[in-house]
Amino acid sequence: MCGIVGYAGPAGSISDVSERPLSVVLEGLRRLEYRGYDSAGVAVVAPGASQVSSRKKAGKLSNLVELLAAEPVPVATAAIGHTRWATHGGPTDANAHPHLADDGKLAVIHNGIIENFAALRDEFIAEGVRFLSQTDTEVAAHLLAREYRSSGDLAAAMRATAQLLEGTFTLLAVHSDLPGTVVGARHDSPLVVGLGQGENFLGSDVAAFVSETRVALELGQDQVVTITADEVVVTDFEGRIVTPTTFTVDWDASAAEKGGFRTFMDKEIHDQPQAVAETLLGRTDAAGRLTLDELRIDESVLRAVDKIVVIACGTAAYAGHVAKYAIEHWCRIPVEVELAHEFRYRDPVLSEKTLVVAITQSGETMDTLMAVRHAREQGARVLSIVNTHGSTIPRESDAVLYTHAGPEIAVASTKAFLAQITATYLLGLYLAQVRGTKFPDEIAEVLTELKAMPAKIQRVIDNGERVRVIARWMDSRSVLFLGRHVGFPVAMEGALKLKELAYIHAEGFAAGEIKHGPIALVEPGLPVFVIVPSPRSRDSLHSKVISNIQEIRARGARTLVIAEEGDEDVLPYADEVFWVPQTPTLLAPLVTVVPLQIFACELASARGLDVDQPRNLAKSVTVE
Ligand code: AGP
């Protein structure tokens, strides 16, 4: 989950050299830093130079910028840059990318894991090569140098190297022999091309170059790309020319800026009404029927589906759990929700009648990608719900349903979560429409309620001051979260937000489970959030949760209750109540999670923690 950037500009002569390659790459790294920030580095190439020039530094990008100010690199015509999330070897200067070879003539950066690096490294060491780092990447640099010395063609050398590597990788390389050229290869890890005027770009995702161009090329699996100022050549690993798909990025650079908020997470919490509204846009025809055009799965296939398996990780998995309640209720199809990294190891029972739904903001989560591949190998149909255009998972799915949350920069997911839930509602209603398990007027009624949700989310955000005050004074070392039905995944998500932002132990439970052991954790003063379902929900769901609040309150818990406006039944048992607008039971997560997001964000900010880039995390987990 590292961030990778490449730039190739005019390289006709020494008069073409400029600061631009370095400045474009540094700006791209700044926009990709959410993908990993353990260390950063750049390499530049200029005509006539006998070597590439490289600088790299442990820590955040700002450390590299300081180093470059103290020890500038020469002006250049091509450049590559890398911001790292450490896998092999700690976050040190030596382990930072780029890694050099061929007497400093070649520089390589890498995203992914080279699984056979140890054997390859032993071979090089036996030949007398001295390694300067503990990384798997350095092996790729030496392999590429050896192949280049034999072929004299950097793209051919990249193809040969790629075929020797096992594992996952996106590689970018520059060589002092080729001053205006960057060569890249991808296998499982992401890489997209930005098409400029007299210059071209490479990036782990479009955020790397969206401020320069919004016209991009999707690179497929096992492809090598060569960019120069005026040309982009793509081949497969055997050297056959490939014509990639062009797409236009549907958001601009300003969307990836903070817009006056103190953090991206603050901004993205406030973006949520728009994220839900835009995910709903354009999904119905003039008659009000759902038209999910991009699904690309024939209605007859959807009618034959006899099981749905949702695969995802982290927050996306909690969106999947919400989907389970909604889809089972609307469509009467059994829905399993599986953590993607567990999925393929349990030998799941799949058939051509199984619809696997992969939920992923980045579209690059390796655990989810591998689960998608396994599902398709087993003959299941795969539909992915994705926020990032041009990413890998949609390309490897039978169908895609895009969320339109815009770029989510903060590592902790908020607006993408609400957009994912919204997309799963749309999928459930579409299945109900296709399979006839709900009448058109019933579907229309739910859609009307869904379209009213952005305003309700906005109301919760506007009324968030009380939860901010509570957060600023919270000094507990542990917090519990309870919920029933669709409140249970919300409780899990609330706990995850607190863990990843404030580094506080937090745990989410199904409220009915508390009596079966976890209530032993309850002691005087322990803060416990409880998500209370609507009093209008069925089967006394509401009264049972009230009972749960009484049970923990009787043992001294500090009860922080999220309840529907007007629900006075909670008042005798709540130390604090955070009201949310009246909402149909199945749609409630869109509002009940918001106070929990605000709480975690505010508490972490109050403690001076880096809310946008929490320790040890990365936005896109592109290693298994
Ligand atoms: C969310 O706050 C986390 N950062 C993480 O759990 C994330 O949801 C998970 O890694 C899945 O990412 P994806 O949606 O990009 O696949």
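Divide by every residue of the chain the summed helix terms, -39500 (n - 2.57) for each DSSP H run of at least 4, and state the resulting mean residue ellipticity at 222 nm, rounded to the nearest 500 deg cm²/dmol. Provide the component values of the computation, followed by the final result.
Values: 20 runs with 216 residues, N = 624.
-10500 deg cm²/dmol, from helical runs alone.
Heavy-atom accessible surface of segment 419-518, averaged per residue, reaches 39 Å², computed with a 1.4 Å probe.
Here the Karplus relation 6.51 cos²θ - 1.76 cosθ + 1.60, evaluated at θ = phi - 60°, turns the backbone of segment 349-360 into coupling constants of 8, 10, 8, 5, 9, 8, 9, 8, 10, 9, 10, 7 Hz, with x for every Gly and Pro. Within the accessible area of the chain, the carbon and sulfur atoms contribute 50%, probe 1.4 Å, all protein chains present.
Nearest 10 degrees, 0 to 90: what angle lies between the long axis of helix 137-151 and the longest principal axis of the chain (Cα atoms)? Here the helix axis deviates by roughly 40 degrees.
Compared with the dominant principal axis of the Cα atoms in the chain, helix 453-462 is inclined by about 90°. Under 24 Å of direct C-alpha separation, and excluding same-chain neighbours fewer than eight residues apart, Lys515 reaches these lysines: Lys499, Lys544. Loop-resident GluC sites (Glu not before Pro) (DSSP state other than H, G, I, E or B) in segment 235-323 with no more than 16 further Cβ atoms inside 10 Å of their Cβ: Glu238, Glu257.
Mind checking Rg over Rh on segment 239-383, alpha carbons, Kirkwood formula for Rh?
Dividing the radius of gyration by the Kirkwood radius yields 1.01.
Accessible surface calculations at 1.4 Å, restricted to protein heavy atoms, place segment 138-284 at 35 Å² per residue.
Once you have the Cα-Cα distance between Ala554 and Glu624, take 0.36 nm times their residue separation minus that, and quote the gain in nm to one decimal. Let's see the in-between values first.
Values: separation 70, 0.36 × 70 = 25.20 nm, distance 4.39 nm.
Here the segment from Ala554 to Glu624 would lengthen by 20.8 nm.
The phi torsions of segment 266-278, fed into the Karplus equation with coefficients 6.51, -1.76 and 1.60 and a -60° offset, translate into couplings of 4, 4, 6, 5, 6, 6, 4, x, 5, 4, 5, 4, 6 Hz, rounded to whole numbers, with Gly and Pro shown as x.
Label separation (Arg376 vs Glu231): 3.1 nm, computed from points 7 Å beyond Cα along the C-beta direction. Projected over every direction and averaged, the convex hull enclosing the alpha-carbon atoms of segment 235-289 yields 7.7 nm². Inter-label distance, Thr243 to Tyr345: 4.4 nm, where each label sits 7 Å from its Cα along the C-beta direction. Computed with every protein chain present, the accessible area of His485 is close to 50 Å² [probe 1.4 Å].
Classify segment 511-557 from the C-alpha gyration tensor, please: rounded if a/c falls under 1.5, else prolate or oblate depending on whether a/b exceeds b/c. Prolate is the answer for segment 511-557, as a/c is 1.5 or above and a/b outweighs b/c.
Can you give the FRET efficiency to the nearest 0.05 for Glu66 and Trp251, using r as the Cβ-Cβ distance and R₀ = 25 Å? E between Glu66 and Trp251, to the nearest 0.05, is 0.20.
With a simple spin-label model that places each label point 7 Å from the Cα along the Cα-to-Cβ direction, the separation between Glu445 and Glu568 comes to 2.8 nm.
Between 0 and 90 degrees, the angle of helix 440-451 with respect to the longest Cα principal axis of the chain falls at about 70 degrees.
Throw me the Rg/Rh for the chain, computed over C-alpha atoms with Kirkwood Rh, two decimals. Display every interim value, and only then the final one.
On the way: Rg = 25.6 Å, Rh = 25.5 Å.
Value, to two decimals: 1.00.
Estimated at the nearest 10 Å², the accessible area of Trp251 is 50 Å² with a 1.4 Å probe. A straight Cα-to-Cα reach below 18 Å connects Lys497 with the lysines Lys267, Lys415, Lys619, residues fewer than 8 places away in its own chain not being considered.
Over all distinct Cα-Cα pairs of segment 58-135, the Kirkwood formula returns a hydrodynamic radius of 14.3 Å.
What separates the Cα centres of segment 222-258 and segment 379-446 is a distance of 26 Å. Ranked by the mean number of other Cβ atoms within 10 Å of their residues, highest first, the peptides 518-527, 105-114 fall in the order 105-114, 518-527. The Arg303 and Leu521 beta-carbon pair, evaluated with R₀ = 51 Å, returns a calculated FRET efficiency of approximately 0.65.
You can think of it this way: the chain between Ser547 and Asn116 has 149.6 nm of extra reach, that is 0.36 nm per residue less the Cα-Cα gap.
The values are calculated or read from the model by the stated rules, or taken from the named source; none is laboratory data. Not measured: the values here are computed from a predicted model. Positions of Cβ are backbone-derived with ideal geometry, glycine not excepted, and every protein chain shown enters the neighbour counts. Protein only, heavy atoms only, side chains kept; ligands, DNA and RNA dropped before computing areas. Shrake-Rupley method; radii C 1.70, N 1.55, O 1.52, S 1.80 Å.
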